[in-house]
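Peer 1: What follows is a single structure, and I will ask about it in a moment.
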Amino acid sequence: MNEVPHGVGRTALATAWIRAGESERPDRLFDDWLAPAFVAAAGDALPLIPPDAGGRLGALAEMMNAYLVVRTRFFDDELLAAAEAGVRQMVLLAAGLDSRAFRLPWPAGTRLFEVDRPDMLAFKERVLAAGGTGPRCERHAVSADLTEDWADEILDAGFRPAEPTAWLAEGIVVYLSAEEAERLLTDVTRLSAPGSRLALEDAKGLAEEMVEEARNVPPLGEFADLWKGGLEGASPAWLGDHGWRGREIDSTTVAIELRRPIPAEMPVAGYFVTAQRAVDERAEGELTAG
């Protein structure tokens, strides 16, 4: 069996399992046909919640499953909207076991960079090589730790800072401290030409008591212990102050729009933030709720 990712990387394994399950539904919101291969390669190391889990564990698991499915589809749509608008350079930060390079219908000329730690990329590349799967765009795997200096690595891989870029920070910001999150967004901003786009999640609205409860429920506790909160709801304001404009929308609203509601008894699981790099300084501060 392949050596599996550790630490935050294990959240990617759990997410792959959820995406694999969603892909089997007749009313699926996406078809991640690579997810089962990642799940199979993880074997017994896959962090699972028992399918017969009841009580609070079952309720938390149901909420997280619904949230992650909605999150995947929302960010799928955001990246494809950027491509439709003419953006041909995509960057997936902490890409994990993301399969968008392979499953989304990219226009000709699209260049996609997947940035993640060496252990994650090594696991992913072994699984992809075994399946003989080819991407639907020009794909570059960039080995880098986003909590350290990573800009040189992506530039060396062929990233073009003079071109508009669509950035995605899915499932990473909340596992960073406020200082680490601000440094990451500062680097993204520095590398973003006018017209660039950014999509990420924000911990705003996620009840602290729910996180504390998850810490006492295995295997959710493994992931809750990694939680640092990111900018703790302040990412929209930070982006608005640094030359981005856009919107934030709560995941519950998105779920309703997709006809896949998140269980009503749970608090808002998080917010999605989408922004565009302002063409001039007059646009700074124009980040609004949606």
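The values are calculated or read from the model by the stated rules, or taken from the named source; none is laboratory data. The shown structure was predicted, so the numbers you read here are calculated from the model rather than taken from an experiment. Ideal geometry is used to build each Cβ from the backbone, glycine not excepted, and the neighbour counts take in all protein chains shown.
Peer 1: Could you run through the stretch 78-91 and say how many residues are closer than 18 Å to A35 by Cβ and out of contact with any Lys or Arg (no Cβ under 7 Å at 6 or more places or on another chain)?
Peer 2: Residues flagged as closer than 18 Å to A35 by Cβ and out of contact with any Lys or Arg (no Cβ under 7 Å at 6 or more places or on another chain) within the stretch 78-91 amount to 0.
Peer 1: Of the residues that make up the stretch 145-160, is at least one over 22 Å from A41 (Cβ atoms), of a type outside the set (K, R) and touching a His at 6+ places or on another chain (Cβ under 7 Å)?
Peer 2: Checking the stretch 145-160: at least one residue is over 22 Å from A41 (Cβ atoms), of a type outside the set (K, R) and touching a His at 6+ places or on another chain (Cβ under 7 Å).
Peer 1: Of all the helices (runs of 4 or more DSSP H) wholly in the stretch 49-154, which have at least 1 residues that are hydroxyl-bearing (S, T, Y)?
Peer 2: Qualifying helices (runs of 4 or more DSSP H): 55-84.
Peer 1: If the Cβ limit is 6 Å and pairs must be 6+ apart or interchain, which residue in the stretch 63-81 that is under 16 Å from R259 (Cβ atoms) and touching a residue at least 24 places away in the same chain (Cβ under 8 Å) pairs with which residue that is in a helix (DSSP H, G or I) and among the acidic types (D, E)?
Peer 2: V69/E22
Peer 1: Report, by residue number, each residue of the stretch 8-43 that is within 23 Å of R126 (Cβ to Cβ), among the hydrophobic types (A, V, I, L, M, F, W, C) and assigned to a loop (DSSP other than H, G, I, E, B).
Peer 2: V8, W33, L34 - these are the residues of the stretch 8-43 that are within 23 Å of R126 (Cβ to Cβ), among the hydrophobic types (A, V, I, L, M, F, W, C) and assigned to a loop (DSSP other than H, G, I, E, B).
Peer 1: What is the one condition in (1) modelled with pLDDT of 95 or more; (2) buried (at least 22 other Cβ atoms within 10 Å of the Cβ) that E78 does not satisfy?
Peer 2: (2)
Peer 1: With (1) touching a residue at least 60 places away in the same chain (Cβ under 8 Å); (2) buried (at least 19 other Cβ atoms within 10 Å of the Cβ); (3) over 16 Å from D119 (Cα atoms) as the list, and D31 as the residue in question, which single condition is left unmet?
Peer 2: Here D31 meets the rest and fails (2).
Peer 1: Scanning the stretch 10-28 for residues that are surrounded by fewer than 19 Cβ atoms within 10 Å (Cβ to Cβ) and not charged (D, E, K, R), which turns out nearest to P105 (Cα to Cα)?
Peer 2: Here the residue is S23.
Peer 1: Among the candidates A264, A203, A255, single out the residue that is at pLDDT below 75, more than 24 Å from E148 (Cα to Cα) and among the small types (G, A, S).
Peer 2: Sole residue among the options that is at pLDDT below 75, more than 24 Å from E148 (Cα to Cα) and among the small types (G, A, S): A264.
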